[in-house]
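Let me begin by presenting the structure, written as structure tokens, before commenting on it.
The values are calculated or read from the model by the stated rules, or taken from the named source; none is laboratory data. All figures in this text were calculated on a predicted structure; none of them were measured in a lab. Every residue, glycine as well, gets a Cβ built from its backbone with ideal geometry; the counts of neighbours run over all protein chains shown.
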Amino acid sequence: MSDPATIAPRDRSDASPPPRIGDLVLSDDGHAFDRRTGRSFCVNPTGRLVLELTQAGRPGPEVIGELAARYAQHPAVAAAALETFYSQIRRYLS
């Protein structure tokens with residue numbers, strides 16, 4: 001069995017945002033409103049940061065770098081978190 005510490009993390013720097021992420025209107029307090037469906041939901045400060053960066057056109061590797069730097073995490077951890085967040089947002093936007 002391999003030691004988990006020696007296994008290279010999967011490259012997730014290509015995590016792509018949901019195509020309709022631009023349809024979300026984000027309020028200052030973290031409420032996201034889907035203009036197409038009328039549904040709304042709340043995001044935490046990290047989710048808000050990801051939405052802001054993504055909607056500003058920042059590519060995945062830059063978003064990952066910002067998350068890793070801001071929250072003092074390894075880039076692989078930030079990449080996994082970004083991938084999970086995008087997956088959750090896809091469900092809300094479907």
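Observations on the structure shown:
- Scanning the range 16-38 for residues that are over 14 Å from Q88 (Cβ atoms) and in a strand (DSSP E or B) yields V25, L26, H31, F33.
- Of all residues in the range 41-94, those satisfying the criterion of being more than 17 Å from P19 (Cα to Cα), over 11 Å from the mean Cα position of the chain (by Cα) and among the small types (G, A, S) are G65, A68, A69, A72, A76.
- The residues of the range 22-67 that are in contact with a helix residue (DSSP H, G or I) (Cβ under 7 Å, 6 or more places away or on another chain), of a type in the set (A, V, I, L, M, F, W, C) and surrounded by fewer than 18 Cβ atoms within 10 Å (Cβ to Cβ), listed by number, are L26, F41.
- Some residue of the range 52-72 being touching a His at 6+ places or on another chain (Cβ under 7 Å) and at pLDDT 95 or above: yes
- Yes/no for I89 being within 21 Å of D34 (Cβ to Cβ), of a type in the set (V, I, T) and in contact with a helix residue (DSSP H, G or I) (Cβ under 7 Å, 6 or more places away or on another chain): yes
- Filter pass, T46 being within 16 Å of T84 (Cβ to Cβ) and either without any contact (Cβ under 8 Å) to a residue 60 or more places away in the chain or part of a strand (DSSP E or B) (or both): yes
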